[in-house]
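See below for the structure under consideration.
The values are calculated or read from the model by the stated rules, or taken from the named source; none is laboratory data. Being a predicted model, the structure only gives us computed values, none of them experimental. Glycine gets a Cβ as well: all are built from the backbone with ideal geometry, and neighbour counts include every protein chain shown.
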Amino acid sequence: MTRPALTAHRRELTGKHVAKLRREGILPAVVYGHGEPSQPIQIDEKAFDTLRRSAGRHALIDLKIDGGRTHPAVIHGIQEHPVKRRPLHVDFYLVKMTEEMTMDVPLEPVGSSVAVEKHGGTLLQTLDHVRLRALPGDMPQTLEFDISVLDSFDAAIHVRDLPLPPKVTLLSDPDEPVAHVQPSRAEVEREAVTPVAGAAEGTGEAGEQPAEG
């Protein structure tokens with residue numbers, strides 16, 4: 001499978017001066033890994049945006065700097081504008097295709113939940129990523145989990161329930177919760193006023209038997 005490619009150039013401007021690059025549609029970045037010192041580089045913002053949309057936020061790519069040889073690298077981190085979500089800075093990490101790497105992989109819910117669709121609950125995803133170890137070519141971009149198993153408010157999905165691809169090792173706590181469905185306010189209030197079986201019998205306090213005679 002052909003990896004997506006990205007061209008970069010060595011970057012001279014650093015610090016506050018990188019604002020000038022951003023105004024010109026150039027994205028500041030750094031590349032490092034495997035004992036190589038951190039090297040400031042710059043890439044075309046539109047080219048990076050296209051790559052990110054097609055290949056994902058943690059894509060394995062072929063990075064070529066100033067016409068040199070191609071290096072396999074992963075998009076290790078993206079700093080974004082807090083409002084516009086526009087990328088401001090990118091970290092690339094050099095990898096060796098024969099050596100395992102560790103990465104935090106995003107979790108993505110798929111499917112539909114009965115507790116949400118029919119009972120008016122709200123899906124709560126309490127974990128947004130898990131830590132995995134694999135060879136660069138085997139590392140997934142995202143890890144999907146099916147929420148159709150959340151058919152009641154008591155059901156929950158834990159890390160141990162996530163479907164792992166072959167040749168991938170889970171490093172996160174398997175007992176950590178991932179998602180559940182929270183009942184609506186109306187449902188909580190309805191359950192609060194529903195009498196417990198047998199509680200309506202007699203006139204005494206709960207747990208007391210009605211007086212004979």
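Within the range 10-24, residues that are surrounded by 10 or more Cβ atoms within 10 Å (Cβ to Cβ) have Cβ atoms under 7 Å from residues that are assigned to a helix (DSSP H, G or I) and not aliphatic (A, V, I, L, M) in these pairs: Leu13/Lys20, counting only partners at least 6 apart in sequence or on another chain.
Checked against the criteria, Arg53 does not count as of a type outside the set (S, T, N, Q), in a loop (DSSP other than H, G, I, E, B) and either surrounded by fewer than 15 Cβ atoms within 10 Å (Cβ to Cβ) or outside the structural domain of Pro165 (by TED's automatic domain parsing) (or both).
The condition of being over 16 Å from Leu162 (Cα atoms), in the same structural domain as Asp44 (by TED's automatic domain parsing) and either at pLDDT below 95 or polar (S, T, N, Q) (or both) holds for only one of His81, His119, that being His81. Scanning the range 134-163 for residues that are over 28 Å from Lys96 (Cβ atoms) and acidic (Asp, Glu) yields Asp146, Asp151, Asp154, Asp161.
Only a single criterion out of (1) hydroxyl-bearing (Ser, Thr, Tyr); (2) part of a helix (DSSP H, G or I); (3) within 28 Å of Leu27 (Cα to Cα) is not satisfied by Tyr93, namely (2). Is it the case that the range 58-78 has a residue that's small (Gly, Ala, Ser), at positive phi and not in a strand (DSSP E or B)? Yes; the residues of the range 58-78 include at least one that is small (Gly, Ala, Ser), at positive phi and not in a strand (DSSP E or B).
Within the range 125-162, restricting attention to residues that are exposed (fewer than 15 other Cβ atoms within 10 Å of the Cβ) and among the β-branched types (Val, Ile, Thr), the residue that is modelled with the lowest pLDDT is Thr142. Among the residues of the range 134-141, at least one is under 19 Å from the mean Cα position of the chain (by Cα), under 30 Å from Leu21 (Cα atoms) and not assigned by TED's automatic domain parsing to the domain that holds Glu12.
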